[in-house]
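One structure below.
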Amino acid sequence: MIRQFELVERVKAYDPSADEHVLNRGYVFAMRAHGTQKRANGDPYFSHPLEVAGILTGYRLDTASIVTALLHDTIEDTGITLDDIELFFGEEIARLVDGVTKLNRIELQSERAKQAENFRKLVLAMSQDIRVLLVKLADRLHNMRTLCFIDNPEKRQRIAKETMEIYAPLAERIGMQEMKGELEDLAFAELNEHGRDSIVARLKFLRDKGEEIIPRIISQLRDTLSNNGLNAEVYGREKSPYSIWRKMQHNNLNFEQLCDIMAFRVIVDTVEDCYRALGIVHGSYPVIPGRFKDYISVPKPNGYRSLHTGVFGPERQRIEIQIRTRDMHEVAEFGVAAHWHYKQGGSLTDGRQYQWIRHLLDILDQAGSAGDFLDNAKLQMFADEVFCFTPKGDLITLPAGATTIDFAYAVHSEIGDHCVGAKINGKMMPLRTVLANGDQVEVLTSPAQTPSPTWERFVITGKARARIRRFVRTREREQYAQLGRSILEKTFREHALQFSEKAGEEAIKAFKQASVEDLCAQVGAGHLTARTVLESVYPSTKKRPSLYERMMPRARAKRASKADEGGVPINGLIPGMAIHYAGCCHPLPGDRIVGVVTTGKGVTIHTIDCDSLDVYSDSPERWIDVSWKVDAESPSTYTGRIDVTVLNEPGSLGNLTTVIARGEGNITNLKIVNRTAQFFDILVDVEVRDVKHLNEILAALRATPSVTAVERARG
Ligand code: MN
């Protein structure tokens with residue numbers, strides 16, 4: 001039996017400010033109240049409340065809880081009243097004792113009238129202060145530890161069943177793993193003695209055969225981690241007979257098939273170290289598929305956080321490993337009580353720092369809404385980072401929401417620039433895939449690949465974005481410069497002049513450009529027209545008709561101009577020339593466009609970035625500056641072409657066409673250009689009003705789950 005001074009010392013050890021007078025008074029009061037009452041095993045009855053108080057000191061509970069434990073059976077079993085307790089110990093302790101007493105009463109009345117779930121709810125509703133429940137659970141734990149002394153087998157069975165159905169789940173729900181495990185195992189011994197005995201015997205056999213296998217695995221795990229620069233505490237244990245038995249039942253396995261009877265814990269300093277440890281473990285031992293669980297980014301509703309994984313460990317044994325920080329470990333072992341000793345004397349539900357407990361209490365109130373709670377918890381806890389690995393096991397930490405492209409750039413800029421795809425956990429996935437904790441990412445590269453402007457939409461890290469943007473700008477500028485130079489050369493040639501370096505040098509002064517290259521880029525991007533450049537260098541060219549104009553018979557030009565007013569929505573055309581829209585790039589109103597004179601066909605309109613324009617780069621005289629006439633009065637439709645990648649699964653194509661139809665796009669052609677086991681690449685021609693309309697459809701497609709990539713087709 002715990003002595004009076006021992007109990008006080010235990011409390012003082014974790015709470016130096018504890019009121020020892022109250023503790024002493026509680027001890028003496030309960031001892032006197034229970035007097036000569038005896039337990040079933042012949043011990044003085046007082047040993048029971050004392051042991052319950054002792055269990056709670058293990059959870060470092062506050063003085064009021066410890067005194068409540070000492071007094072918890074006095075009202076029911078002795079002549080003491082609630083008023084007496086309030087008089088001697090004050091309102092708070094009286095309220096707590098009253099709560100535990102009421103719980104004991106409903107327990108006696110309930111029998112089988114209520115379903116376990118209802119009874120659990122009832123217990124929770126009655127435990128308005130979470131400390132009431134903690135005392136009740138400690139009470140039940142001690143009763144289970146001494147269950148074997150009760151003679152009546154039916155009573156033993158009833159108590160064991162109640163423990164299994166009601167109290168063990170309650171302990172789990174408030175995160176007290178250790179207590180839950182012990183309650184279950186004690187109940188299991190009563191409810192299925194033979195089952196437990198056979199497992200215990202089997203464990204003993206393995207233990208004898210294994211010759212201290214657990215200590216060996218512990219030291220090897222510790223060495224593996226420290227060789228990789230991570231100092232961690234490693235603990236190991238056999239799983240409890242009940243958890244082994246349940247696993248055998250659940251998975252329909254016999255003992256020989258069930259090898260993972262050992263569980264190891266790795267305790268590290270920080271969350272990042274948890275993932276680092278995981279990377280080392282996965283890089284050092286063969287991983288058992290399907291066993292990895294990340295309860296750090298998605299904690300259990302009871303606040304439990306850890307990484308779980310299964311590997312073939314150092315001794316080629318299947319082992320389970322749990323990785324967590326010290327804080328997580330405290331919560332895992334003590335649950336709600338872990339947070340208790342930080343805040344003595346107040347209500348547990350006060351204070352912003354105890355938000356998760358408040359949430360917990362909410363869910364306790366309405367048992368069954370664990371799923372909803374989980375969603376909220378996900379948003380609140382550790383939602384800001386994601387931890388991934390290279391194939392070699394190096395840890396890459398990224399902001400949550402990061403994609404494969406972010407990962408590639410985080411590994412190395414060159415890898416980012418040339419990435420073409422990625423295997424995530426061994427499976428080919430699109431570049432835009434958002435990474436999850438624990439993903440192992442193998443980036444595939446090709447020297448021919450360069451960053452694409454569309455990547456900017458898929459990345460969230462600054463490094464990746466800056467790199468892509470810089471690359472795209474440089475390339476865009478080069479293209480504009482090339483285009484601008486062609487336009488200038490053509491314009492000058494039309495006036496029988498030459499766009500020489502000397503002319504260029506003169507023009508850059510007039511337009512305040514740093515170089516001829518810059519000037520050309522300005523023209524190419526449409527910020528300057530070739531004509532103004534020409535006129536600034538050769539003022540005499542002003543108003544002089546161009547070569548084309550001089551070639552065109554006036555009358556015909558006039559006639560065409562009239563016809564033109566009715567239909568063609570393009571500015572800058574030579575009147576009378578036939579136009580058509582290029583089938584490669586499908587220009588739409590809103591696009592920057594250029595006209596190319598094609599023998600026998602008139603003018604073909606391309607988007608300015610169309611790849612097919614390369615063919616005409618040597619014949620700049622065929623290029624014409626054109627633009628769209630904005631004409632809202634006469635709306636008409638144009639055909640845009642999009643390049644879509646969808647998952648190869650039932651319903652994908654249906655989704656695609658539905659989304660386009662909902663966006664008021666009319667599909668005129670659809671062509672599957674590539675088909676793999678996982679994806680379809682499809683070209684879709686859609687009639688739209690303008691580029692804005694097409695972009696709206698593209699956006700809707702991007703939001704469609706079965707669509708993995710969608711782009712406007714270019715050339
Ligand atoms: Mn009791």
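The values are calculated or read from the model by the stated rules, or taken from the named source; none is laboratory data. These numbers come from a predicted model, not from an experiment. Virtual Cβ from ideal backbone geometry, glycine too; neighbours counted across all protein chains shown. Quick note on the areas: whole protein, heavy atoms, side chains included, nothing else; ligands and nucleic acids left out. Shrake-Rupley method; radii C 1.70, N 1.55, O 1.52, S 1.80 Å.
Evaluate the range 106-114: report whether one residue or more is modelled with pLDDT of 90 or more and within 18 Å of Y167 (Cβ to Cβ). Scanning the range 106-114, I find no residue that is modelled with pLDDT of 90 or more and within 18 Å of Y167 (Cβ to Cβ), so the answer is no.
Filter the helices (runs of 4 or more DSSP H) completely within the range 1-99 down to those with at least 3 residues that are without any contact (Cβ under 8 Å) to a residue 40 or more places away in the chain and surrounded by fewer than 19 Cβ atoms within 10 Å (Cβ to Cβ).
On the way: elements: 4-14, 20-34, 47-58, 63-71, 74-77.
Passing ranges, in order: 4-14, 20-34.
Filter the range 177-198 down to the residues that are open to solvent by less than 60 Å² (accessible area, probe 1.4 Å) and of a type in the set (A, V, I, L, M), then identify the one that is farthest from G58 (Cα to Cα). That would be A189.
Any chance the range 497-510 includes a residue that's within 17 Å of I624 (Cα to Cα) and assigned to a helix (DSSP H, G or I)? No, the range 497-510 has no match at all.
How many of the residues in the range 665-692 are touching a residue at least 60 places away in the same chain (Cβ under 8 Å) and under 23 Å from R457 (Cα atoms)?
Residues in the range 665-692 being touching a residue at least 60 places away in the same chain (Cβ under 8 Å) and under 23 Å from R457 (Cα atoms): 5 in total.
Applying the selection to the range 266-316, what residues are closer than 30 Å to I174 by Cα, open to solvent by 30 Å² or more (accessible area, probe 1.4 Å) and of a type in the set (D, E)? Answer for the range 266-316, where residues must be closer than 30 Å to I174 by Cα, open to solvent by 30 Å² or more (accessible area, probe 1.4 Å) and of a type in the set (D, E): D269, E272.
Taking only the range 141-159 into account, find how many residues are assigned to a helix (DSSP H, G or I) and β-branched (V, I, T).
First, pick out the residues of the range 141-159 that are assigned to a helix (DSSP H, G or I): 141-145, 147-149, 153-159.
Restricting the remaining residues to those that are β-branched (V, I, T) gives 159.
Residues meeting the conditions: 1.
For the range 45-64, give me the residue count where each residue is more than 14 Å from the ligand (Cβ to nearest atom) and either out of contact with any helix residue (DSSP H, G or I) (no Cβ under 6 Å at 6 or more places or on another chain) or over 11 Å from I2 (Cβ atoms) (or both).
Of the range 45-64, the ones more than 14 Å from the ligand (Cβ to nearest atom) are 57-64.
Going one step further and asking which of them are either out of contact with any helix residue (DSSP H, G or I) (no Cβ under 6 Å at 6 or more places or on another chain) or over 11 Å from I2 (Cβ atoms) (or both), we end up with 58-64.
Total meeting the criteria: 7.
Within the range 485-505, is even one residue under 18 Å from A402 (Cβ atoms) and modelled with pLDDT under 85? No; the residues of the range 485-505 include none that is under 18 Å from A402 (Cβ atoms) and modelled with pLDDT under 85.
Residues in the range 217-232 that are more than 12 Å from V266 (Cα to Cα), without any contact (Cβ under 8 Å) to a residue 40 or more places away in the chain and part of a loop (DSSP other than H, G, I, E, B): G229 only. For R202, are the conditions met, namely being away from the ligand (no atom under 16 Å from the Cβ), touching a Phe, Trp or Tyr at 6+ places or on another chain (Cβ under 6 Å) and part of a helix (DSSP H, G or I)? Yes; evaluated as a whole, the condition is true for this residue.
Can you tell me which residue within the range 1-44, out of those that are among the polar types (S, T, N, Q) and away from the ligand (no atom under 16 Å from the Cβ), is farthest from I150 (Cα to Cα)? In this case the residue turns out to be S17.
Tell me yes or no: at least one residue of the range 625-638 is in contact (Cβ under 8 Å) with a residue 40 or more places away in the chain, among the aliphatic types (A, V, I, L, M), touching a strand residue (DSSP E or B) at 6+ places or on another chain (Cβ under 9 Å) and within 21 Å of R432 (Cα to Cα). Within the range 625-638, none of the residues are in contact (Cβ under 8 Å) with a residue 40 or more places away in the chain, among the aliphatic types (A, V, I, L, M), touching a strand residue (DSSP E or B) at 6+ places or on another chain (Cβ under 9 Å) and within 21 Å of R432 (Cα to Cα).
Checked against (1) assigned to a strand (DSSP E or B); (2) more than 33 Å from the chain's Cα centre (by Cα), E664 passes all but a single condition, namely (1).
Being surrounded by fewer than 20 Cβ atoms within 10 Å (Cβ to Cβ) and at pLDDT below 90 is the requirement here; does A171 meet it?
Answer is no for this residue.
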